[in-house]
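Working notes for the structure below.
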Amino acid sequence: MSETITAMASPNIALVKYWGKRGDGSLNLPNNSSVSFTLSENILNTKTSVAVAPDLKEDAIYINGELQPKDQKNEKTTFISKIIEEMRKNAGFSDNLLVVSNNSFPTGSGLASSASGASALVFALNEFLGLKLDSKELSIIARRISGSACRSMAGGFVYWKKGELDDGSDSYAEQIAPQSHWDVVDMIGIVNESRKKVSSSQGHSATTKTSVLYKSRPEYAEKNADLVVDAVRNRNFAALAEVVMRDSNNMHATMLDTWPPIRYLNDMSWDIIEAVHDLNGKNGESIAAYTFDAGPNAHVITTAQHANEVREMLSEVMGEGSRILEAPVGSGPKLLSEKDSLITGEFLKNI
Ligand code: 2P0
């Protein structure tokens, strides 16, 4: 076992969305399958380093420089601690661990920091503890920290099978096509960098319990997932685009139909929606597709061929000083070398 292990993972963008959990929600088991592509780690990433901490009385987890409090109110941290505990037990390891994780992008901004964070952590721990778990097992563990994280355990284009079993052993993500398969990009218009008002976890539960429209979503989204898999396999952008936009709109409609209603999109998001339809109309066929997660930031999917046109459209709508990221398809989690460790002498001096 080496002294420090560092892994890097990146978020993914869902082309068909995961929204709503089955069962009691505790295992993050979805009501429908979803499809995504993993974003390039060169644009957005989480780096996570793990080391033994024999001097500490308990595990210490630092996210973006802040020690995470161990109270029950913070659901995500409790989950992370549980997973660490379980993986450590499986490895027959007893020392306390120091985990340091940094995002290259703002947390809670709708840029899926929980997905890249959880997948980097699970990938690093597997290596650090010498567990040698396969990609299916790693995906299941990541899912339990944060549902969408299971899709970030693979690179390229990814399908998360909803599964049927109550224990979640058949609900995991698998690559359907590698990074090199298709040169699509996610042009991300950062509309708002602040933390969202309603967390995804609260939203999943509220929509499932109270939205009338949601009743029809699982079956609809399941069909969309099949259509998107076919469109990806055939590199059929026009077919992909319509399903992607409709699926995002459908999910946001169920959010608005939640009681009390949840609204993640703002006026700028809507201006972008309209501009994408205008652009596609002018081109005579779809060259761009918007999709929105639990926040107002726009993800406009296009191909490398049309990236400049789409960037111009976005910067025109968003106006001066707009922040636009261009993320091609990524390769999935990987290990970094010792020199990339976040647990430096400088870090240890300051904690
Ligand atoms: C997705 N989102 O498929 C959808 C689209 C947001 C909208 O997965 O409670 O942070 O940790 O399982 O994974 C966000 O939900 O929720 C999400 P938990 P998660 O990407």
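If we scan the stretch 148-168, do we find a residue that is surrounded by fewer than 17 Cβ atoms within 10 Å (Cβ to Cβ), of a type in the set (G, A, S) and in contact (Cβ under 8 Å) with a residue 40 or more places away in the chain? Looking through the stretch 148-168, none of the residues is surrounded by fewer than 17 Cβ atoms within 10 Å (Cβ to Cβ), of a type in the set (G, A, S) and in contact (Cβ under 8 Å) with a residue 40 or more places away in the chain.
Criterion applied to P218, P178, P260 was being modelled with pLDDT of 95 or more, closer than 30 Å to N42 by Cβ, over 17 Å from the mean Cα position of the chain (by Cα) and not hydrophobic (A, V, I, L, M, F, W, C), and the one residue passing it is P178.
If we only count strands (runs of 3 or more DSSP E) wholly inside the stretch 101-210, which ones have 2 or more residues that are over 20 Å from I80 (Cβ atoms), within 15 Å of the ligand (Cβ to nearest atom) and not β-branched (V, I, T)? Hits in the stretch 101-210: 157-160.
Taking the stretch 320-331 as the range and being touching a helix residue (DSSP H, G or I) at 6+ places or on another chain (Cβ under 9 Å) and closer than 20 Å to N266 by Cβ as the test, the residues that pass are S322, I324.
The values are calculated or read from the model by the stated rules, or taken from the named source; none is laboratory data. Bear in mind that the values here come from a model prediction, so they are computed numbers and not experimental data. All Cβ positions, glycine included, derive from the backbone under ideal geometry; neighbour counts span all protein chains shown.
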